[in-house]
Each structure stands twice: as C-alpha cells, then as structure tokens.
Amino acid sequence: MGKQLVIIGGGAAGPSVAAEARRRDSELKITMIERGDYVSYAACPIPYYIGDYIKDYRRLVIRTPEEFIRTGVDVKLRANVEAIDVDKGLVYVSDGSVLPYDNLVLATGAKAVRPDIPGIDSEGVFVLRNLGDALQVKSFIVENRCRRAVLLGGGFIALEMSEALRSIGIETTMVIRRDRPVPHWDPEFTDVILKELEKNQVNFLPEAKLKAIERVTDAKLCLHTDKGTIETDLIILGLGVRPETSLAEAIGLRLGDTGAISVDSRQRTSREEIYAVGDCCEVYHRIAKKWVYRPLGDIANKQGRTAGINIGGGNAEFAGIVGAQSFKLFSLEVGTTGIMEDEARQAGYDPVSNLVWGNPVARPMSRGERLGIKLVADRKTGKLLGAQAVGDKGAVWRINCLSVALWQGLTVQEIGYLDFAYAPPFGGAWDAIHVAAHALMRKL
Ligand code: FAD
C-alpha cells in the first residue's frame with residue numbers, strides 16, 4: 001500500500017502540494033481537508049470579482065473537488081481539522097473521521113486581523129480572506145443595494161478594493177490608523193497614491209482610531225472613530241493578516257521570529273514528516289538575508305509545489321524571494337522589490353538611494369504619462385538592494401526586471417547598461433531603469 005499524505009487547507013498552497021505530489025507518485029494516498037466551501041481558487045482576483053470586472057465567481061476556481069477526485073485526491077469539504085496526534089500520526093477531523101498520515105502538510109493560510117471594538121461582529125461587517133467571503137460581500141451589496149462602504153486599512157488589498165467599490169458606483173471611505181496608506185512605500189509615491197484616491201473620489205480619513213461599530217437600522221451602520229462618525233451600508237476589514245498557526249502550536253512545531261511556522265528550504269517544519277506551505281509559514285528573503293513573513297499567492301504556489309515534489313519522492317529546494325510585489329490602483333501601477341533604506345541598514349548594508357521621475361515611453365510619444373523609479377543600493381558593493389516604481393504604465397514590468405537584477409546580485413553600474421528590448425512605445429533608448437541607475441551611480 002502507498003504512503004498516506006494528508007493536507008490541511010485547500011486554498012492555494014494545499015492544492016499545489018496535492019497536484020505535484022500526485023504527478024510524482026501515483027501510489028500516494030492523498031487527502032485534502034478544507035473547512036470552507038471551496039478548494040483551489042485564486043483569492044487575488046477577488047477585488048475584480050466584487051468590482052464586476054469578473055462576472056462569474058467560477059472563473060476564480062482553478063480546480064473543483066471533482067477534478068481532484070478524478071486524479072485520486074480525496075477532498076473533504078466543510079471539515080475542520082481539530083487535532084493532530086504526532087506520536088500516532090493521526091489527524092482528527094470535525095466530521096468524526098480519523099486519518100492516518102505518513103506525511104502531513106499544514107497549508108492553513110492566514111486569518112484576518114479583527115480590531116477588538118464593540119460591534120465588530122455586526123451584520124454588514126466583512127473580512128475578505130476567501131472565496132466564500134467574496135460571495136457574501138457581493139450578494140450583500142446587491143441584496144441591500146449598498147451605496148456607501150467603509151474600508152478599514154490602507155494595505156494593497158484595501159487599495160484594490162477602493163477601485164473595485166468605486167467601479168460599481170459605491171461611495172467609498174478609507175479609514176486608516178496612520179497618516180498614509182502602504183507606509184513602506186516612499187512618501188513621494190504615497191503622495192501619488194493619495195492623489196489617485198482623491199481623483200477617483202475615494203474619501204480618505206487618516207490617523208483615525210476605531211472606537212465602535214453600531215448597527216443603527218436594518219440598513220445602516222455607524223463607524224465611530226476619534227475623528228467622528230461615518231454612516232455606511234457596509235464595512236470591509238483590510239487590516240492585515242496573521243499566520244494561522246493554532247494546529248502547529250498545539251503540536252509544538254517551531255515558530256519563527258515572525259510568529260509564522262518555521263520551515264527549511266524543502267518546506268519541512270521542525271518535524272521531518274510535517275511540511276508547511278503558504279501564508280501559515282515563513283519564507284527566506286535573499287536580500288534581507290533572513291526569514292520573513294510574506295503572505296502572498298505566488299509564494300504560496302511555489303512553496304506548495306516544492307513540498308509536493310519532495311513528498312512525491314523528488315528533491316526540491318525553494319530558493320526564497322527578493323520581495324517583489326505589485327498592485328493596481330485605478331490608472332496607477334505600483335510595484336516594489338527588495339528592501340528599502342531602514343531594512344537595508346538593519347541587514348548591515350550601507351544604503352544609498354535615489355528617486356527619479358521619467359517617461360514610461362520614448363519622449364516623442366509621451367502624452368504626459370508619469371513613471372517614478374526609486375533605487376536603493378549598497379554603497380560598499382554598488383549592488384542593487386531594492387526598487388520601487390509607481391506610474392501610469394510600465395511600472396510593474398520594470399520592477400520585474402529589477403527583481404531579476406536583484407536575484408542575480410547585479411550592481412547599479414551593470415543595471416545602467418542592461419540590454420532591454422527598446423522600441424518607442426515601450427520606453428526610451430535609455431530606459432527609465434537606465435536613467436534611474438545612472439542617477440544613483442553618481443551618488444555612489
Ligand atoms: P489560504 O488560501 O488562506 O488557504 C488556507 C486554507 O486553510 C483556508 O481555506 C482555510 O479554510 C483552511 N484551513 C485553515 N485551518 C484549517 C483547519 N484546521 N481545518 C481545515 N481547513 C483549514 N497575493 C498576491 O501575491 N498578489 C495579489 O494580488 C493578492 N491579492 C489578494 C487579494 C485578496 C482579496 C486576498 C484575500 C489575498 C490576496 N493575495 C494576493 C494573497 C493570496 O491570496 C494568499 O497569499 C494565498 O491565498 C495564500 O494561500 P494559502 O493556501 O497559503 O492560504
């Protein structure tokens with residue numbers, strides 16, 4: 001009889017493990033257990049589903065339970081794993097079943113941060129973590145003919161949601177604790193982000209302390225803050241996430257300094273037979289030179305595949321990340337990679353940086369589009385440490401180029417002469433990256 005693999009969590013990382021392990025080992029008995037209603041879906045396009053750009057939620061589903069079952073992967077839906085006995089190698093499920101395992105994978109994801117204020121559980125207050133949440137928000141908006149929404153938080157998901165809500169005609173207010181959204185972006189860039197919000201009539205309430213949520217009538221909520229009260233039809237929490245580690249902690253797995261599950265490059269936890277993947281675990285940051293917590297979908301997929309290869313009898317290591325991330329806000333592209341000055345100093349580098357505004361296309365073709373690129377390099381070695389870009393177009397592909405440069409350890413001097421595919425609609429003969437690199441070279 002083949003070995004038994006049990007996967008807890010069916011979001012993004014768990015299904016990647018199942019698919020890869022099955023590909024490699026046809027004898028493996030695989031069971032994936034998910035407490036929600038769906039497995040194997042993409043959470044990242046949720047704002048575009050709520051904003052009606054994607055009309056049918058089924059387009060978010062990558063593989064149905066039936067498709068998994070056809071490949072011999074057993075799927076238990078609406079089943080919560082309540083306990084694990086590591087000595088006996090058993091998993092206890094809420095439907096009463098007890099499953100033996102040779103290998104266990106924790107793909108338990110993350111949980112949304114919920115502020116501890118009165119009324120937080122009121123009807124009309126939502127988190128957005130999974131497909132079920134997205135369906136609930138969308139039907140709530142339609143059924144209650146919502147005209148006003150409040151977004152709590154100023155991270156990339158809240159920003160994406162502001163565009164989604166405005167695109168379906170909802171008056172939207174973003175309420176944040178700090179003075180500006182995405183605080184790890186350079187203030188010059190967050191100014192541009194704030195202007196984009198204003199241009200698109202997103203109300204913005206900074207430095208607000210949440211006090212309470214009150215449902216005043218069937219159709220109306222009040223959000224009380226120290227800056228006043230906002231009346232609204234719905235509230236969406238976008239206050240960040242924490243790794244879901246309750247099972248890991250219960251069985252004594254080692255957690256990292258970030259609070260997420262500690263893993264090695266093969267995705268093994270502190271117990272050899274147990275793996276962890278996705279938003280519940282840490283990932284190695286090649287530039288910061290430490291294990292960090294980055295709950296992102298592309299990382300979850302790569303970690304899942306790595307664990308699946310290893311469990312399926314192969315030998316794979318996940319080489320880590322350089323910290324690339326992007327999002328879209330109305331007509332703006334926003335991207336970052338690597339580390340900025342503070343993190344660089346903490347990692348022992350001597351950072352020097354520069355931010356230049358240029359053109360995303362060749363100047364004669366320009367219609368006034370903006371593109372800002374910030375580069376951070378190490379004074380001692382001249383190597384790139386990080387980059388941010390914000391612009392009307394071309395920001396994200398440039399961040400991706402700079403991610404490759406970071407991965408390869410290129411110096412700013414080398415980046416200043418990189419061979420790019422030049423044509424006027426896509427950039428100048430000296431691309432915005434070259435221009436930014438040469439400007440920084442002069443400071444090194
Ligand atoms: P999840 O997808 O959260 O899956 C974990 C699953 O485990 C859950 O379904 C949960 O029900 C289940 N589970 C937990 N405990 C148990 C238990 N005890 N028993 C049974 N089941 C259990 N990332 C990007 O890189 N780019 C983006 O643009 C982006 N946009 C996003 C937009 C939104 C709205 C959201 C919510 C996320 C976005 N992300 C994005 C993040 C990305 O979706 C996550 O990083 C990814 O889904 C993580 O996958 P995961 O499998 O680790 O966790």
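The values are calculated or read from the model by the stated rules, or taken from the named source; none is laboratory data. Predicted model, so just to flag it, every value in this text is computed and none were measured. Because the Cβ atoms are built from the backbone with ideal geometry, glycine has one as well, and the counts that use them run over all protein chains shown.
Based on this model, can you work out whether VAL93 counts as closer than 24 Å to ILE274 by Cβ and in contact with an Asp or Glu (Cβ under 8 Å, 6 or more places away or on another chain)? Working first, answer last.
On the way: closer than 24 Å to ILE274 by Cβ: yes; in contact with an Asp or Glu (Cβ under 8 Å, 6 or more places away or on another chain): yes.
Yes; evaluated as a whole, the condition is true for this residue.
Mind checking which pairs have a first residue in segment 301-317 that is free of Cβ contacts under 8 Å to residues at least 60 places away in the same chain and within 12 Å of ALA18 (Cα to Cα) and a second that is aliphatic (A, V, I, L, M) and within 16 Å of the ligand (Cβ to nearest atom), Cβ under 8 Å, 6 or more apart or different chains?
Going by the 8 Å Cβ cut-off, the qualifying pairs are THR306/VAL277.
Collect the residues in segment 1-48 that are within 30 Å of GLY238 (Cβ to Cβ) and of a type in the set (Asp, Glu), keeping them in residue-number order.
Scanning segment 1-48 gives GLU34, ASP37.
Residue-wise test of (1) more than 26 Å from the chain's Cα centre (by Cα); (2) within 16 Å of the ligand (Cβ to nearest atom); (3) assigned to a strand (DSSP E or B).
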{"position": "LYS328", "(1), (2), (3)": "no, yes, yes"}
{"position": "GLU333", "(1), (2), (3)": "no, yes, yes"}
{"position": "THR336", "(1), (2), (3)": "no, yes, yes"}
{"position": "ALA344", "(1), (2), (3)": "no, no, no"}
{"position": "GLY348", "(1), (2), (3)": "yes, no, no"}
{"position": "LEU355", "(1), (2), (3)": "no, no, yes"}
{"position": "VAL361", "(1), (2), (3)": "yes, no, no"}
{"position": "GLU369", "(1), (2), (3)": "yes, no, no"}
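Here's a check for you: in segment 290-320, which residue that is near the ligand (Cβ under 8 Å from one of its atoms) and among the small types (Gly, Ala, Ser) is surrounded by the most Cβ atoms within 10 Å (Cβ to Cβ)?
GLY304
Name every residue in segment 107-133 that is more than 26 Å from ALA307 (Cα to Cα), within 12 Å of the ligand (Cβ to nearest atom) and among the hydrophobic types (A, V, I, L, M, F, W, C), in order of residue number. Let's see the steps before the verdict.
Start the filter on segment 107-133 by keeping residues that are more than 26 Å from ALA307 (Cα to Cα), which leaves 113-128, 132-133.
The next check asks that each one be within 12 Å of the ligand (Cβ to nearest atom); those that pass are 126-128, 132-133.
Matches in segment 107-133: PHE126, VAL127, LEU128.
Could you tell me which numbered condition ALA158 fails, if it satisfies all but one of (1) in contact with a Ser or Thr (Cβ under 8 Å, 6 or more places away or on another chain); (2) not in a loop (DSSP other than H, G, I, E, B)?
The one condition ALA158 does not meet is (1).
With the structure loaded, tell me whether LEU151 is surrounded by 17 or more Cβ atoms within 10 Å (Cβ to Cβ) and assigned to a strand (DSSP E or B) or whether it fails that test.
Details: surrounded by 17 or more Cβ atoms within 10 Å (Cβ to Cβ): yes; assigned to a strand (DSSP E or B): yes.
Considered against the rule, which asks whether it is surrounded by 17 or more Cβ atoms within 10 Å (Cβ to Cβ) and assigned to a strand (DSSP E or B), LEU151 comes out as yes.
For segment 5-42, enumerate the residues that are buried (at least 21 other Cβ atoms within 10 Å of the Cβ), near the ligand (Cβ under 7 Å from one of its atoms) and assigned to a loop (DSSP other than H, G, I, E, B).
Those that are buried (at least 21 other Cβ atoms within 10 Å of the Cβ), near the ligand (Cβ under 7 Å from one of its atoms) and assigned to a loop (DSSP other than H, G, I, E, B): GLY9, GLY10, GLY11, ALA12, GLU34.
Looking at segment 423-434, is at least one residue aliphatic (A, V, I, L, M), in a helix (DSSP H, G or I) and within 20 Å of PHE327 (Cα to Cα)?
Of the residues in segment 423-434, the ones aliphatic (A, V, I, L, M) are 423, 429, 432-433.
Pick out the ones that are also in a helix (DSSP H, G or I) and you get 432-433.
Next, only the ones that are within 20 Å of PHE327 (Cα to Cα) stay: 432-433.
Within segment 423-434, one or more residues are aliphatic (A, V, I, L, M), in a helix (DSSP H, G or I) and within 20 Å of PHE327 (Cα to Cα).
Residue under question is SER139, and the condition is that it be at pLDDT 95 or above, within 16 Å of the ligand (Cβ to nearest atom) and small (Gly, Ala, Ser); does it hold? Walk me through it before giving the result.
On the way: at pLDDT 95 or above: yes; within 16 Å of the ligand (Cβ to nearest atom): no; small (Gly, Ala, Ser): yes.
In short, no.
Could you please tell me which pairs satisfy a Cβ distance under 6 Å, a separation of 6+ or placement on different chains, a first residue in segment 126-140 that is closer than 17 Å to LEU151 by Cα, and a second residue that is among the hydroxyl-bearing types (Ser, Thr, Tyr) and in a helix (DSSP H, G or I)?
ALA134/TYR49
Go through segment 184-227 and give me each residue that's small (Gly, Ala, Ser) and at pLDDT below 95.
Looking only at segment 184-227, we keep the residues that are small (Gly, Ala, Ser), and these are 208, 212, 219.
Hit for segment 184-227 is ALA219, nothing else.
Taking SER270 and the conditions (1) among the hydroxyl-bearing types (Ser, Thr, Tyr); (2) touching a Lys or Arg at 6+ places or on another chain (Cβ under 7 Å); (3) in contact (Cβ under 8 Å) with a residue 60 or more places away in the chain, which numbered condition does it fall short on, given that it satisfies the others?
(3)
Quick one: in segment 194-212, of everything that is under 27 Å from the mean Cα position of the chain (by Cα) and in a strand (DSSP E or B), which residue is surrounded by the most Cβ atoms within 10 Å (Cβ to Cβ)? Show your work before the answer.
So the first thing to find is which residues in segment 194-212 are under 27 Å from the mean Cα position of the chain (by Cα), and the list is 194-210.
Narrowing the set further to residues that are in a strand (DSSP E or B) leaves 202-205, 210.
Values: VAL202: 21, ASN203: 16, PHE204: 18, LEU205: 15, LEU210: 18.
Checking each candidate, the answer is VAL202.
Just to check your reading of the model, which residue among THR190, THR245 is of a type in the set (Val, Ile, Thr), out of contact with any Asp or Glu (no Cβ under 6 Å at 6 or more places or on another chain), surrounded by 13 or more Cβ atoms within 10 Å (Cβ to Cβ) and under 23 Å from ILE8 (Cα atoms)?
Sole residue among the options that is of a type in the set (Val, Ile, Thr), out of contact with any Asp or Glu (no Cβ under 6 Å at 6 or more places or on another chain), surrounded by 13 or more Cβ atoms within 10 Å (Cβ to Cβ) and under 23 Å from ILE8 (Cα atoms): THR245.
With the condition kept exactly as written, say whether any residue in segment 52-64 is within 17 Å of GLU34 (Cβ to Cβ), away from the ligand (no atom under 12 Å from the Cβ) and part of a loop (DSSP other than H, G, I, E, B).
Yes: one or more hits.
Scan segment 101-121 for residues that are surrounded by 14 or more Cβ atoms within 10 Å (Cβ to Cβ) and more than 28 Å from the chain's Cα centre (by Cα) and jot them down.
TYR101, ASP102, listed by residue number.
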